[in-house]
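Working notes for the structure below.
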Amino acid sequence: MEIQILRRQGKGIREIVKLTGHSRNTVRKYLRAGQVEPQPALRAKRASKLDPFKAYISGRIKAAKPDRLPANVLLREIAAMGYTGRERILRAFIAKLCPKLPEEPIVRFETSPGRQAQVDWCVFRRGQRSLSAFVMTLGYSRFTYVEFVTDERFETLRACHEHAFTAIGGVPREVLYDNMRTVVVERNAHGQGKHRFHPGLWDAAKHFGFVPRLCAPYRAQTKGKVERFIGYLRRSFYVPLASRLAGSGLLLDAATANAEVWRWLRDVANVREHATTVQRPIDLLEQETPELLPLPVRQTVQTPASKPLAKTAWPTEMLQRPPAFYESLLAPEVRP
């Protein structure tokens, strides 16, 4: 086609040879024939190892819409079904079904070991059967704790903090929040940057020893580490599990979600190679743990029942006779 076009533009054979790099005989042959060079015969399409699983993958992607299922999640599922091919084949097939959306640029801010944890709620359902997840991510190691709950009251938030610090093995020096109503009552109430926190949060902060911080309003990327993990949690854990249960007519509840998410954190999320640190969160946690504050010691309160009774006090409510009867039994025997 190129030779024919150059000829129609008035180019000679010698000039066409220089422009195309073909030999004189080749140029003359196609000028005489008046047709383009024939295309090579198409090869027969080879069967792919993914072919037996394409219907399953398409069904899983359709069931999860409008959410997207990551390729590594689908890879684990079809590998359990007998798939032995590579992940890139799966990714190419998914790309045809779900074109990738452009990602917003991210500005990263790193913290030293033990300095900061980021906390947020991840809401999945509202209403009578509400479902949310408490998520805490350590800023240095990216080690994350997740707990599913049915409400977002302060008592639940405090309990989740205690569970998270226990699972992590210590307390960071500061915890970063957004504008949760159970965290901040009024921003800048005592001057710029001096916020009026929920009184219960102050008590919890004093008890555990951390300083509460607030991210800038309408700037979720300020606590981008936990925000990105929430996206990962939704795509790689919640959507696959919830869509699988929905296929059987079941609704994911908090008890089932917690049983599954703690296994997922242990076997997948906290042992994967993190894209930013290029290390596993569980490995970096070993470096961060010595820098964390120790957990507060539980204090046991002595109950009144544990106090010894006074020698002169008689447990009259336990006796069936007056005290004088028992005193006569204890008196020394008088002989004539």
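Just so it is clear, none of the values below were taken in a lab; they were calculated from the coordinates. Model, not experiment: these values are computed from the prediction. As a convention, Cβ positions derive from the backbone with ideal geometry for all residues, glycine included, and neighbour counts pool all protein chains shown.
Each of residue 273 and residue 196 was given a label point 7 Å from its Cα along the Cα-to-Cβ line. The distance between the two points is 5.1 nm.
Spacing of the modelled spin labels on residue 248 and residue 88, each 7 Å from Cα toward Cβ, amounts to 3.7 nm.
Annotation: amide H of residue 279 within the under-5 Å range of 274, sequence separation 5 or more or interchain, hydrogens built in the peptide plane. Applying 0.36 nm per residue to the separation of residue 255 and residue 280 and subtracting their alpha-carbon distance, the gain on full extension is 6.3 nm. Stretched out straight at 0.36 nm per residue, the stretch from residue 29 to residue 47 would grow longer than its current Cα-Cα span by 2.6 nm. Extending 7 Å from Cα along the Cβ direction at residue 203 and again at residue 95 yields two label points whose distance is 5.6 nm. Computed from backbone phi with θ = phi - 60° and the Karplus coefficients 6.51, -1.76 and 1.60, the 3J(HN,Hα) list for segment 162-171 is 4, 5, 5, 4, 5, 5, 6, x, x, 10 Hz; x is used for glycine and proline. What pairs in 54/96; 96/225; 65/96; 62/96 have C-alpha atoms more than 20 Å from each other? Cα-Cα > 20 Å for 96/225; rest within.
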